[in-house]
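Trainee: Below: one structure in structure tokens.
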Amino acid sequence: VQLQASGGGLVQPGGSLRLSCAASGNIFSFGTAGWYRQAPGEQRELVAAISASENTNYADSVKGRFTISRDNARKTVFLQMNSLKPEDTAVYYCNLKFTWLPESWGQGTLVTVSS
């Protein structure tokens, strides 16, 4: 499965961005989709994930500000990011996991929160 992420950019503190990640193939709906991020000098961390049954979980740092969703017909996972903070600055990666296949990663999209 190949993943193509988009939607990053420069935004002021308090602003919003929506990331999208489109998958190839026909098995997207069976996988757990997630967004990770990696800031300079930091380890990659899970931001949010959504299972095939649409159960979601979030990092404590983004709860109440970010929302993950999926559109299986479009084979796309979204991350709506509101009330952005400078500490949200990172490269954001989408991820797709299946129990019977190696996981897939998107190419990363840079989000910069700065005034």
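The values are calculated or read from the model by the stated rules, or taken from the named source; none is laboratory data. Keep in mind it's a predicted model, so treat the numbers as computed, not measured. Ideal geometry is used to build each Cβ from the backbone, glycine not excepted, and the neighbour counts take in all protein chains shown. For the accessible areas, the whole protein counts, side chains as well, though only heavy atoms, and no ligand, DNA or RNA atoms are used. Shrake-Rupley method; radii C 1.70, N 1.55, O 1.52, S 1.80 Å.
Trainee: Within the set of pairs 6+ apart or on separate chains, which have a first residue in the stretch 39-59 that is over 16 Å from Val111 (Cβ atoms), a second that is open to solvent by 60 Å² or more (accessible area, probe 1.4 Å), and C-beta atoms under 6 Å apart?
Mentor: Here the result reads Ala49/Asn57; Ile50/Thr56; Ala52/Phe30, each pair linking the stretch 39-59 to a residue that is open to solvent by 60 Å² or more (accessible area, probe 1.4 Å).
Trainee: Out of Ala52, Ala33, I need the residue that is in contact with a Leu (Cβ under 7 Å, 6 or more places away or on another chain) and either surrounded by 14 or more Cβ atoms within 10 Å (Cβ to Cβ) or not in a loop (DSSP other than H, G, I, E, B) (or both). Which one?
Mentor: Ala33 is the lone residue from the list that is in contact with a Leu (Cβ under 7 Å, 6 or more places away or on another chain) and either surrounded by 14 or more Cβ atoms within 10 Å (Cβ to Cβ) or not in a loop (DSSP other than H, G, I, E, B) (or both).
Trainee: If you don't mind, another one. With the checklist (1) in contact with a helix residue (DSSP H, G or I) (Cβ under 7 Å, 6 or more places away or on another chain); (2) modelled with pLDDT under 95 in hand, flag the one item Gly108 doesn't pass.
Mentor: Of the numbered conditions (1) in contact with a helix residue (DSSP H, G or I) (Cβ under 7 Å, 6 or more places away or on another chain); (2) modelled with pLDDT under 95, the odd one out for Gly108 is (1).
Trainee: Provide a single number: the residues in the stretch 3-30 that are under 16 Å from Val91 (Cβ atoms), outside any loop (DSSP other than H, G, I, E, B), of a type in the set (Gly, Ala, Ser) and open to solvent by 30 Å² or more (accessible area, probe 1.4 Å).
Mentor: Result for the stretch 3-30: 1.
Trainee: Criterion first (closer than 17 Å to Ser114 by Cβ and hydrophobic (A, V, I, L, M, F, W, C)) does Ala48 satisfy it? Steps first, answer last, please.
Mentor: Numbers: closer than 17 Å to Ser114 by Cβ: no; hydrophobic (A, V, I, L, M, F, W, C): yes.
Answer is no for this residue.
Trainee: Considering only the stretch 60-115, how many residues are over 11 Å from the mean Cα position of the chain (by Cα), without any contact (Cβ under 8 Å) to a residue 24 or more places away in the chain and more than 16 Å from Gly31 (Cβ to Cβ)?
Mentor: So the count comes out to 4.
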